[in-house]
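The values are calculated or read from the model by the stated rules, or taken from the named source; none is laboratory data. None of these values were measured; they are calculated from a predicted model. Don't worry about glycine lacking a Cβ; one is built from the backbone with ideal geometry, like all the others, and counts go over all protein chains shown. Please note that ligands, DNA and RNA were not included when accessible areas were found on the heavy atoms of the full protein model with its side chains. Shrake-Rupley method; radii C 1.70, N 1.55, O 1.52, S 1.80 Å.
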Amino acid sequence: MHRTRRDLFYKYGILAIVFLGILLRCFAFFRNISFWGDEAALALNVMSKSYLELFKGLDYLQVAPPMFLVISKFLYETVNPLYDCMRDILFRQISVVSGIAAIPLFYYLIKQVVKDKSSLFAGMLIFTFNTTAILYCAQFKQYSFELLISIILMIIFFNIIFKNKNRWYYSVIIALAPWFSLSSLFIIGTYFLILLFKNFKTLLKTCIPLVISFIIFYFFSLKPVSDFNYDGMYLWWQNGYGFVSLLHPMRTAIRFGELFSFNKLTAECIGTFILTLAFCSIFPVNKDNRQKKIFIFLPIILTFLASALKLYPIEARLILFLFPLFAIAISEYRLRFRTVLLTAACIISILSSVYYTINPYKFYTSAAEVVHYTESRIKDGEHIILDSAFHRYLYYIKNKERVIYLKNGCGEDFTDACNSEIENLPPGIYYLILKNNPEEKLTAKINILEEYNLYSSVIKFAK
């Protein structure tokens, strides 16, 4: 009787986790908050570029898998939405479908790797209730899509490595994966390395289609994209502390902690705690679990090694594809105070994910609203002025011909150079839209007629 009740608790507990996880993702998706900077920049590329151009490199320092872009453009051109809200929902379709599909697929994966029901329950909860995983279900970015592909590849390679099961379509999926997910190369490369020592014959059969596909992918897309964007992206991540550094060991904890929290101090604390649990789960190692430990940890280690060599940044969204392995690792913690520490990890996951789903960054909610406010008032002959954060506003502006761009950006540090550009404008009526309110920094040589603030600022002035 006791065992039956426990089994029922486990069964309905898993169903509750899946249901609530889907509910949170649907809540975030259907709230349909405004596109923010990178989302808008990616959408502008998809809307303006041809299918062929999407393989060659994107403007505004954007990088995304080519087939993710192609599918997005196909949906956009097929449906041709008339309203901004419908266009936003359409662009985010791939993300939410991927995020929801990832939950049952992760359950299938963790059931193969983990046999203890308490570990399986904890792993499911930690994976399903994750702030970043939920966030990117409701954003037009590729990370939720890449997470799904990562789980599919993990299932395939687990079957090949541990069950000697190699279906004909596995090779096809592996070969096509880089076109849909750039991060898939870490998963594929790691598990090919395992096959190199475990089953070279299977490796040979599996990798031949991949080699052919990757050669085409490299010359048709990866190399042109790298030539177009590498220098700018490297500089961006270097200046943004995106790489692992032995001189700054807490950076890794912060970056990992950002999977759970957007607050730096909170992220540092959570990251340290969760990473400690994950890597302590390496022990104990014995003959029975050694290969599974390698399966779980080797992709993580190689990705972080690539980051230390400045080949791959470890921003939270960029390591989301590894999160299934982290969730499994955490759930397999077997050292002292296991129940207490796993319970704490689960509580952190639930509280942080629910909090940030209900309370997203404020500036996420402003772009569409301030553009609609401006366009409802602007008259013929008047102009809109945008600074370096222009993507989020340009995406919603219908008549882009009346937009003037400030070359010096401005941003949060409203500078004299920005004021100088404004002072050199010809006489007229202007609407200055900024991500932040410049307050008293704005030049006194203009006549402010009206102000509107909703996290972003609209300042109507005459010259």
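Quick one: how many residues across the range 235-249 are open to solvent by 80 Å² or more (accessible area, probe 1.4 Å) and in a helix (DSSP H, G or I)?
Number of matching residues: 3.
Among the residues of the range 15-42 satisfying the criterion of being small (G, A, S) and over 15 Å from the mean Cα position of the chain (by Cα), which is farthest from H391 (Cα to Cα)?
Across the range 15-42, the extreme among qualifying residues is A16.
Counting only residues that are of a type in the set (S, T, N, Q), farther than 30 Å from G240 by Cα and surrounded by fewer than 19 Cβ atoms within 10 Å (Cβ to Cβ), how many does the range 273-294 have? Steps first, please.
Taking the range 273-294 first, the residues of a type in the set (S, T, N, Q) are 276, 281, 286, 289, 291.
Checking the rest, the ones that are also farther than 30 Å from G240 by Cα come to 281, 286, 289, 291.
Retained after the next criterion (residues that are surrounded by fewer than 19 Cβ atoms within 10 Å (Cβ to Cβ)): 286, 289, 291.
So the count comes out to 3.
Does at least one position in the range 32-50 carry a residue that is at pLDDT below 95 and surrounded by fewer than 16 Cβ atoms within 10 Å (Cβ to Cβ)?
Yes, the range 32-50 contains a residue that is at pLDDT below 95 and surrounded by fewer than 16 Cβ atoms within 10 Å (Cβ to Cβ).
Filter the range 373-396 down to residues that are farther than 18 Å from L425 by Cβ and aliphatic (A, V, I, L, M), then give me how many there are.
Matching residues across the range 373-396 total 2.
Please go through the range 303-314 and give me each residue that is surrounded by fewer than 16 Cβ atoms within 10 Å (Cβ to Cβ) and either in a loop (DSSP other than H, G, I, E, B) or in contact with a helix residue (DSSP H, G or I) (Cβ under 7 Å, 6 or more places away or on another chain) (or both), ordered by number. So that I can check it myself, show each step before the final result.
As a first pass, look at the range 303-314 and keep what is surrounded by fewer than 16 Cβ atoms within 10 Å (Cβ to Cβ): 305, 308-311.
Correct list: L309, K310, L311.
Say whether the condition of being more than 18 Å from the chain's Cα centre (by Cα), open to solvent by 80 Å² or more (accessible area, probe 1.4 Å) and not aromatic (F, W, Y) is met by at least one residue in the range 83-91.
Narrowing the range 83-91 to residues more than 18 Å from the chain's Cα centre (by Cα): 83-87.
Then drop every residue that is not open to solvent by 80 Å² or more (accessible area, probe 1.4 Å), which leaves 83, 86.
Restricting the remaining residues to those that are not aromatic (F, W, Y) gives 86.
Yes, that holds for at least one residue.
If F297 meets every condition in (1) open to solvent by 50 Å² or more (accessible area, probe 1.4 Å); (2) touching a residue at least 24 places away in the same chain (Cβ under 8 Å); (3) not charged (D, E, K, R) apart from one, which number is that one?
Among (1) open to solvent by 50 Å² or more (accessible area, probe 1.4 Å); (2) touching a residue at least 24 places away in the same chain (Cβ under 8 Å); (3) not charged (D, E, K, R), F297 violates only (1).
Here's the yes/no breakdown for (1) closer than 15 Å to S34 by Cα; (2) at pLDDT below 95:
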site: S349; (1), (2): no, no
site: V403; (1), (2): no, no
site: C410; (1), (2): no, yes
site: K445; (1), (2): no, yes
site: E451; (1), (2): no, yes
site: S456; (1), (2): yes, yes
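For the range 51-79, give me the residue count where each residue is outside any helix (DSSP H, G or I), farther than 17 Å from L176 by Cα and open to solvent by less than 50 Å² (accessible area, probe 1.4 Å). Reasoning before the result, please.
Let us first name the residues in the range 51-79 that are outside any helix (DSSP H, G or I), namely 51-52, 56-65.
After this cut, where a residue has to be farther than 17 Å from L176 by Cα as well, the list is 51-52, 56-63.
Add one more test, that the residue is open to solvent by less than 50 Å² (accessible area, probe 1.4 Å), and what stays is 57-58, 62-63.
Going through the range 51-79 one residue at a time, the tally reaches 4.
Inspect the range 158-172 for any residue being open to solvent by less than 10 Å² (accessible area, probe 1.4 Å), more than 15 Å from L24 (Cβ to Cβ) and β-branched (V, I, T) and give the result as yes or no.
yes
Does N199 count as in contact (Cβ under 8 Å) with a residue 12 or more places away in the chain and more than 22 Å from the chain's Cα centre (by Cα)?
On the way: in contact (Cβ under 8 Å) with a residue 12 or more places away in the chain: yes; more than 22 Å from the chain's Cα centre (by Cα): yes.
Criteria met by N199.
Hey, could you check the range 173-188 for residues that are without any contact (Cβ under 8 Å) to a residue 60 or more places away in the chain and closer than 14 Å to T303 by Cβ and say which is least open to solvent (accessible area, probe 1.4 Å)?
Selected residue: I188.
Suppose we keep only residues that are open to solvent by less than 20 Å² (accessible area, probe 1.4 Å) and of a type outside the set (S, T, N, Q) within the range 255-269. Which one would you say is farthest from I296 (Cα to Cα)? Give the derivation first.
Filtering the range 255-269 down to residues open to solvent by less than 20 Å² (accessible area, probe 1.4 Å) leaves 256-257, 259-261, 267.
Add one more test, that the residue is of a type outside the set (S, T, N, Q), and what stays is 256-257, 259-260, 267.
Numbers: F256: 17, G257: 19, L259: 18, F260: 20, A267: 23 Å.
Here the answer is A267.
Going through F297, F262, F283 one at a time, which residue ends up being assigned to a helix (DSSP H, G or I), aromatic (F, W, Y) and out of contact with any Cys (no Cβ under 6 Å at 6 or more places or on another chain)?
None of the others qualify; the one that does is F297.
What are the pairs, 6+ residues apart or on separate chains, where a residue within the range 428-443 that is over 11 Å from K463 (Cα atoms) has its Cβ under 8 Å from a residue that is of a type in the set (D, E, K, R) and open to solvent by 50 Å² or more (accessible area, probe 1.4 Å)?
Y431/R377; K435/E412; N436/E412; T443/E423
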